[in-house]
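S.K.: One structure follows; several queries about it will come next.
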Amino acid sequence: MTRRDVRDDLLELILGFQVSQAIHVTVTLGLADRLTSGPKTSCELAAVTDTHPLALYRLMRALTSVGIFHEHDQRRFELRPLGELLRRDVPGTHASMAKSVGGKSYWRAWGDLLYAVRSGDTAFNHVHGTGVWEYRATHADESEIFGRAMAARTEQFGDAIVEACDFGRFAHVVDVGGGDGTLLAKILATHPSVHATLFDQPHVIARAAAVFEAFGVAGRCQAVGGSFFAGVPEGGDAYLLKWILHDWNDTASVDILRSCRRAMQPGGTLIVLEHVIGPPNSSARGKFMDLNMLVLNGGRERTGDEFAALFGQSGFRLISMTPTSTSLCVIEGIPENS
């Protein structure tokens with residue numbers, strides 16, 4: 001590789017924020033949804049999005065270079081495969097993720113990364129004067145967007161998780177912090193003998209009924225509201241935590257795991273779904289997600305050894321880590337005295 005190539009590659013990394021923000025604006029304007037029926041000109045799209053025709057053309061022209069749109073003659077644009085995933089109505093859509101990541105609260109927190117690196121404290125709290133969960137509790141629109149983004153990512157990863165982990169060996173699965181129940185619904189739909197409890201904050205589980213009905217599993221799952229720091233529903237023989245522990249520091253994570261340990265039936269199993277930090281000089285996704293936790297909420301991604309230590313402090317013994325076809329890993333533990 002020539003020196004010129006290296007400089008160009010580095011410049012693309014430096015300017016990567018421009019692509020992220022351009023995609024955010026595209027989703028905010030609903031451009032991908034408006035192109036579902038076929039190509040349209042930038043002027044036609046400007047008329048229905050109340051935007052400046054030339055400015056909108058410049059936005060869409062730029063995004064053709066990264067595969068979101070394709071430009072035909074007379075400034076007509078159509079969606080490329082990447083752009084299709086910005087539609088709100090497709091499985092695994094990234095529309096809500098793009099809207100969340102490019103939104104002001106998220107954007108401003110990442111703009112204060114230097115503070116987090118210097119202090120070790122959370123940038124979001126420094127910028128907004130409150131934690132991310134408290135902030136979302138008082139900003140319903142952002143909370144809804146974040147919830148949709150998590151559900152879409154679960155839709156993306158759910159099949160791989162169900163394939164990698166045999167949930168059919170359990171009678172009752174408790175999904176701790178399970179959001180709108182998308183993953184739990186997939187598990188129940190795959191294993192007709194399994195029953196389940198969805199546990200999350202009351203305003204979150206309110207969205208679950210429609211999900212369970214859509215998957216045809218409403219009769220085998222109950223939704224319970226509460227805080228996992230206060231305690232979790234008892235009686236499960238499997239306790240599932242997807243993208244929960246990475247939101248919290250070690251002290252809080254131990255508290256959450258101990259709540260599960262107290263509620264678990266004898267011989268139960270703990271199932272944690274998270275990124276596992278790989279060896280040095282590899283696995284960029286988990287390491288940048290770890291940086292995201294530093295910025296947003298004070299949590300962290302962990303190595304396999306760090307998960308083993310966390311389990312040990314909580315009364316569990318780590319017994320397996322199974323990769324999936326996605327970036328997530330199925331991490332299983334059992335009570336230490338089992």
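Listed here are the residues, each with its yes/no results for (1) crowded, with 17+ Cβ neighbours inside 10 Å; (2) in contact (Cβ under 8 Å) with a residue 12 or more places away in the chain.
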site: Gln21; (1), (2): no, yes
site: Thr28; (1), (2): no, yes
site: Cys43; (1), (2): no, yes
site: Ala55; (1), (2): no, no
site: Leu59; (1), (2): yes, yes
site: Ala62; (1), (2): no, yes
site: Val66; (1), (2): no, yes
site: Ala95; (1), (2): yes, yes
site: Gly103; (1), (2): yes, yes
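S.K.: What do you reckon, is Val117 within 30 Å of Tyr135 (Cβ to Cβ), surrounded by fewer than 17 Cβ atoms within 10 Å (Cβ to Cβ) and not aromatic (Phe, Trp, Tyr)?
M.R.: Spelling it out, Val117 is indeed within 30 Å of Tyr135 (Cβ to Cβ), surrounded by fewer than 17 Cβ atoms within 10 Å (Cβ to Cβ) and not aromatic (Phe, Trp, Tyr).
S.K.: Could I ask something else about it? Across the range 267-290, which residue is surrounded by the fewest Cβ atoms within 10 Å (Cβ to Cβ) among those that are in contact (Cβ under 8 Å) with a residue 60 or more places away in the chain and in contact with an Asp or Glu (Cβ under 9 Å, 6 or more places away or on another chain)?
M.R.: Looking at residues that are in contact (Cβ under 8 Å) with a residue 60 or more places away in the chain and in contact with an Asp or Glu (Cβ under 9 Å, 6 or more places away or on another chain), I get Gly267.
S.K.: A further question on this structure: With the checklist (1) buried (at least 20 other Cβ atoms within 10 Å of the Cβ); (2) among the hydroxyl-bearing types (Ser, Thr, Tyr); (3) under 21 Å from Gly120 (Cα atoms) in hand, flag the one item Thr303 doesn't pass.
M.R.: The one condition Thr303 does not meet is (1).
S.K.: Also, quick follow-up: Which residues, taken from the range 217-232, are surrounded by fewer than 22 Cβ atoms within 10 Å (Cβ to Cβ) and closer than 12 Å to Ile205 by Cβ?
M.R.: If the condition is that a residue be surrounded by fewer than 22 Cβ atoms within 10 Å (Cβ to Cβ) and closer than 12 Å to Ile205 by Cβ, then Gln222, Val224, Gly225, Gly226 are the ones that fit.
S.K.: Next up: What number goes with the only condition from (1) of a type in the set (A, V, I, L, M); (2) modelled with pLDDT of 95 or more; (3) under 30 Å from Asn125 (Cβ atoms) that Ala208 does not pass?
M.R.: (2)
S.K.: From the list Gly147, Gly131, Gly111, Gly120, pick out the single residue that is over 27 Å from Thr322 (Cβ atoms), in contact with a Phe, Trp or Tyr (Cβ under 8 Å, 6 or more places away or on another chain) and of a type outside the set (A, V, I, L, M).
M.R.: Gly131
S.K.: Working carefully through the options Gly231, Gly225, find the one that is over 23 Å from Thr322 (Cα atoms) and in contact with a Pro (Cβ under 6 Å, 6 or more places away or on another chain).
M.R.: Being over 23 Å from Thr322 (Cα atoms) and in contact with a Pro (Cβ under 6 Å, 6 or more places away or on another chain) holds for just one of Gly231, Gly225, which is Gly225.
S.K.: Is it fair to say Glu155 is within 19 Å of Asp247 (Cα to Cα), surrounded by fewer than 17 Cβ atoms within 10 Å (Cβ to Cβ) and charged (D, E, K, R)?
M.R.: Spelling it out, it is not the case that Glu155 is within 19 Å of Asp247 (Cα to Cα), surrounded by fewer than 17 Cβ atoms within 10 Å (Cβ to Cβ) and charged (D, E, K, R).
S.K.: Surrounded by 15 or more Cβ atoms within 10 Å (Cβ to Cβ), not charged (D, E, K, R) and not in a loop (DSSP other than H, G, I, E, B) - does that describe any residue in the range 1-15?
M.R.: No, the conditions are met nowhere in the range 1-15.
S.K.: Is it the case that the range 135-148 has a residue that's out of contact with any strand residue (DSSP E or B) (no Cβ under 7 Å at 6 or more places or on another chain), more than 14 Å from Asn297 (Cβ to Cβ) and aliphatic (A, V, I, L, M)?
M.R.: Yes; the residues of the range 135-148 include at least one that is out of contact with any strand residue (DSSP E or B) (no Cβ under 7 Å at 6 or more places or on another chain), more than 14 Å from Asn297 (Cβ to Cβ) and aliphatic (A, V, I, L, M).
The values are calculated or read from the model by the stated rules, or taken from the named source; none is laboratory data. Given the structure is predicted, the values throughout are model-derived calculations rather than measurements. Backbone-built Cβ (ideal geometry, glycine too); neighbour counts: all protein chains shown.
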